[in-house]
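Undergrad: Can you read through this structure? Questions will come right after.
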Amino acid sequence: NLRVNKLTIIEAYSVLEGDGVVCARQGAGYFVNSLNTSSANLKSTFAPAQNVIIPEQSGASFFEVHMSAVQAQTQKGMINFSGGLPRPPKDMALIGRRALTNVDTLFAYEVPQGVVTLRKQIAQMLVFQGLEVTSEDLIVTNGSEQALSLAMHYYVQPGDWVIVEAPTYHGAIAILENLGARIIGIPMNAEGINLELLKQYLDSHRPKLIYTISTLHNPTGITTTQAHRQELLTLAAKYECHILEDNAYEGLNFEPVPAPIKALDREDLVTYVGTFSKTLIPGLRVGYMVVTGKHIRALIERKLLQDIQTSSVSQAIVSEYLASGHYRRHRKRLQTENLISRNVMLQAIERYFPESARWTVPQGGLFLWVQLPDNVPIEAIRYQAMAENVLFASGSVFFPNKQGYPAMRLSFSNPSESEIDLGISILGKLLKNYSSS
Ligand code: PMP
């Protein structure tokens, strides 16, 4: 005669809902979700580029791009496809207040690697994703940007070769340029980085590091396939090259995605980076890095030298959010709403963009990537679009030394459905002006 507490059952349903196994319908109860998603019949028309990019000189513009993205956030009437901002969590004020009631624990300094409770919670999340990790392998950082910076400065010396996907996250390019690395940008295809080219450059240049955004890549939205992940790791092991795996968009997938490369790593070759900026609030500045093996101590010391520790207040808020069970529900909400927005954007692109445009169909994240013919003057179009109150990120900033093909990164998570339709129709009109000439 076993009695189960009602709250346990409610929590169990909320966990199943968070994992996408069931969905709640108001007044009717919980229903089991079907496995296929509405995107299954959408085909990607992404056409991979072939050229490897090795910049001759540095041209970091992350600063300008970031400043204008921050300013755009508050510009009234602007349809903003530019930034990668998540939808804000509804219950953050409540959770934040609860986290701060226990102020006693917030008065003292913390160990540089971060509050142990939070590290245990993050480790648990990562174990769920297939990583073999404990709180001892984790450093809580000031956003994942700091984790990238710490890792890049540690593994790479000025003059060393580094391989990145082309295109890739401009904030990572900026760190590498700044530290004097020599960057090789290897094109991506729908499966991930071009492995043939990677092999050639590992052989000829003996790079120190491969930086990869393996899942829901920024800016393309591509998720590297399981087979590609395994091959990438095998190659890295063969050439004794470290991998820096950036999983900033973790948890924002609305279709199943493979486990991180770190989950396959048995030789401590992969340093893994994550963040709460995309699923909670970027301003909290809470990210983390997983460093298994001998390098962890040196990286903790570097973290100490940079800023002593990540804010205890921010760590307490994230920890409280994770403990509350709201995080799963919030991520589920983000996945559901982002999927709707992505589909609205895809339909609008099909309808308004010229036939020469090619685009990716991401399985989650915040962006999709539109590739345009070589003769399209993308910067001119960006200015014309701004004059019509539409902002997008021009593809060039995501290539080492801005040498790439004309492209747009379009964020679907911020604007409303009607804004997406209007904004894409304006961009389509501007693009057609050039494709017909
Ligand atoms: N990595 C990737 C791929 C990103 O897109 C971003 C932010 N746009 C970051 C890292 C840095 O984010 P944060 O420092 O806020 O965690």
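Nothing in this text is a laboratory measurement; each read-out follows from the coordinates by a stated rule. All values derive from a computational prediction rather than experimental measurement. Glycine also receives a Cβ, built like all others from the backbone with ideal geometry; neighbour counts cover every protein chain displayed.
Undergrad: Using a Förster distance of 30 Å, how high is the FRET efficiency between ALA227 and GLN384, based on the Cβ-Cβ distance and rounded to 0.05?
TA: Efficiency, from the Cβ-Cβ distance: 0.10.
Undergrad: Ranked from highest to lowest mean number of other Cβ atoms within 10 Å per residue, what is the order of the peptides 338-351, 103-116, 379-392, 362-375?
TA: 362-375, 338-351, 379-392, 103-116
Undergrad: What's the magnitude of the charge dipole for the range 155-295 around its Cα centre, counting Lys and Arg as +1 and Asp and Glu as -1 at the beta-carbon? Answer in Debye, nearest 20. Let's see the in-between values first.
TA: Working: 11 positive and 15 negative charges, 55 e Å.
Its charge dipole is roughly 260 debye.
Undergrad: On alpha-carbon atoms, Rg over Rh for the range 87-194 using Kirkwood Rh?
TA: 1.07
Undergrad: Can you give the translational diffusion coefficient of the range 301-380 in µm²/s, computed by Stokes-Einstein from the Kirkwood radius over Cα pairs at 25 °C and 0.890 mPa s?
TA: 147 µm²/s
Undergrad: Okay, next question. Under a point-charge model restricted to the Cβ atoms of Lys and Arg (+1) and Asp and Glu (-1), what is the dipole moment magnitude of the chain relative to its Cα centre, in debye to the nearest 20?
TA: 900 debye
Undergrad: What list of ³J(HN,Hα) values in whole Hz, one per residue of the range 168-177 in order, does the Karplus curve 6.51 cos²θ - 1.76 cosθ + 1.60 (θ = phi - 60°) give from phi, with Gly and Pro shown as x?
TA: 8, 4, 5, x, 6, 4, 4, 5, 5, 4
Undergrad: Between the DSSP loop rule and a limit of at most 14 other Cβ atoms within 10 Å, which trypsin sites (Lys or Arg not before Pro) in the range 224-285 are left?
TA: ARG266
Undergrad: While we're here: Which of TYR169, ALA123, LEU339 sits closest to the plus end of the dipole of the chain, meaning its Cα is farthest towards the positive end, when Lys and Arg get +1 and Asp and Glu get -1 on the C-beta?
TA: Highest projection toward the positive end goes to LEU339.
Undergrad: What three numbers, in Å, describe the spread of the alpha carbons of the chain along their principal axes, ordered from the longest?
TA: 75, 55, 39
Undergrad: Determine which residues of the range 177-203 fall in the zone a paramagnetic label at VAL52 would reach in this model, i.e. backbone nitrogen under 18 Å from the point 7 Å along Cα→Cβ.
TA: In the range 177-203, the label zone of VAL52 (backbone N under 18 Å from the point 7 Å along Cα→Cβ) covers 181-189, 192-203.
Undergrad: When the Karplus curve 6.51 cos²θ - 1.76 cosθ + 1.60 is applied with θ = phi - 60°, which whole-Hz ³J(HN,Hα) does each residue of the range 104-119 get, with x for Gly and Pro?
TA: Each residue's phi maps through the Karplus curve to give 3, 6, 8, 6, 8, 5, 10, 5, x, 7, x, 4, 5, 4, 5, 4 Hz.
Undergrad: Separate question: Which value in deg cm²/dmol, rounded to the nearest 500, describes the helix-derived mean residue ellipticity at 222 nm for the chain, given -39,500 (n - 2.57) per DSSP H run of n ≥ 4 and division by the residue count? Intermediate results must be reported in sequence, preceding the final value.
TA: Values: 13 runs with 174 residues, N = 437.
-12500 deg cm²/dmol, from helical runs alone.
Undergrad: Something else: What's the magnitude of the charge dipole for the range 286-437 around its Cα centre, counting Lys and Arg as +1 and Asp and Glu as -1 at the beta-carbon? Answer in Debye, nearest 20.
TA: Result for the range 286-437 is approximately 580 debye, rounded to the nearest 20.
Undergrad: Among PHE81, VAL4, ALA248, flag the residue with its Cα farthest along the positive direction of the charge dipole of the chain, charges on Cβ as +1 for Lys/Arg and -1 for Asp/Glu.
TA: Highest projection toward the positive end goes to VAL4.
Undergrad: Let me ask something else. Given R₀ = 22 Å, FRET efficiency for VAL127-ALA298 by Cβ-Cβ distance, to 0.05?
TA: 0.35
Undergrad: Over what distance in Å are the Cα centres of the range 402-417 and the range 305-344 separated?
TA: Taking the Cα centre of each part, the range 402-417 and the range 305-344 sit 23 Å apart.
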